[in-house]
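Okay, structure first, notes after.
The values are calculated or read from the model by the stated rules, or taken from the named source; none is laboratory data. These numbers were taken from a predicted model, which means no experiment stands behind them. Ideal geometry is used to build each Cβ from the backbone, glycine not excepted, and the neighbour counts take in all protein chains shown.
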Amino acid sequence: MMKKNFEIKATGKSKGVWIFHGEFHETVDYLSDHKKILEFNPFCHRVEKTYTDNIYKWHFRVTDPQNNPFDVIFFIEENQELMVVLPDEYQETDPDDIPEDIIRDSTIGRKITWKHYPRETTVEDPKNYVFEGKAFAEMYLHPHKRSQTKVDFNLKINVKFMLYPAFRIIPEKVIKNMTNAGMSFIMQNATEKMFRSISKDFGKIQAV
């Protein structure tokens, strides 16, 4: 049975693979600009760097079926991991002692991770249509053909929000399935629009 306050948790997912027509290091530098690329998302209102290293505040603004705006706030930790396959003679070597040219030549990719950063305080204010969400994303970048980089992107978002009383006649399971499907559809479109906007700024990008 649905809760009296009609609160529901929804999950949306989006993904895609793109080929960036640019050198690997050039593409990594571009996509490492967290604030810049997210602001190409049509629902992104603002991205702010917090006072904590690698922690960002995302402010997304969407509208409900009656065209009323509501805000979703995310606190995100970004991490980057260099993916290397070292020659056998360097397998036991301290990373600080490995020559830069060896690391460069052994690099097979980079992984950029965005994950929910838990906080003791909350920004939620349902009466004013402000909700806090959780986001998790992985972006894998690999050198592709000459002067090309392959980018594999996966994003998942969890949000709690309040339902309109009109939905009380619909079973909760049906509502959740409808909401999840709708969120994923919207997020997939937003992700594709974001990468199309990136292509206008970065240069040629093609979906795979």
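Brief remarks on what is shown
The rows are residues; the columns are (1) loosely packed, with under 11 Cβ neighbours inside 10 Å; (2) more than 19 Å from THR11 (Cα to Cα); (3) not aromatic (Phe, Trp, Tyr).
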{"position": "ASP53", "(1), (2), (3)": "yes, yes, yes"}
{"position": "PHE60", "(1), (2), (3)": "no, no, no"}
{"position": "VAL72", "(1), (2), (3)": "no, no, yes"}
{"position": "VAL84", "(1), (2), (3)": "no, yes, yes"}
{"position": "ASP125", "(1), (2), (3)": "no, yes, yes"}
{"position": "VAL130", "(1), (2), (3)": "no, no, yes"}
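- Residues that are touching an Asp or Glu at 6+ places or on another chain (Cβ under 8 Å) and free of Cβ contacts under 8 Å to residues at least 40 places away in the same chain, drawn from region 98-113: LYS111, THR113
- Selection status of LEU82, aliphatic (A, V, I, L, M), part of a loop (DSSP other than H, G, I, E, B) and free of Cβ contacts under 8 Å to residues at least 40 places away in the same chain: no
- Qualifying positions in region 130-153 - touching a residue at least 40 places away in the same chain (Cβ under 8 Å) and farther than 13 Å from THR27 by Cα: VAL130, PHE131, GLU132, GLY133, LYS134, ALA135, PHE153
- For region 187-206, the criterion of a residue being surrounded by fewer than 16 Cβ atoms within 10 Å (Cβ to Cβ), part of a strand (DSSP E or B), modelled with pLDDT of 85 or more and not basic (Lys, Arg) is satisfied by at least one position.
- Looking only at residues in region 101-150 that are among the acidic types (Asp, Glu) and assigned to a loop (DSSP other than H, G, I, E, B), the one that is farthest from THR50 (Cα to Cα) is GLU124.
- Region 11-54: number of residues that are of a type outside the set (Ser, Thr, Tyr) and part of a loop (DSSP other than H, G, I, E, B): 11
- Candidate set: region 129-182, residues that are aliphatic (A, V, I, L, M) and touching a Gly at 6+ places or on another chain (Cβ under 8 Å); chosen: the one modelled with the highest pLDDT: LEU141
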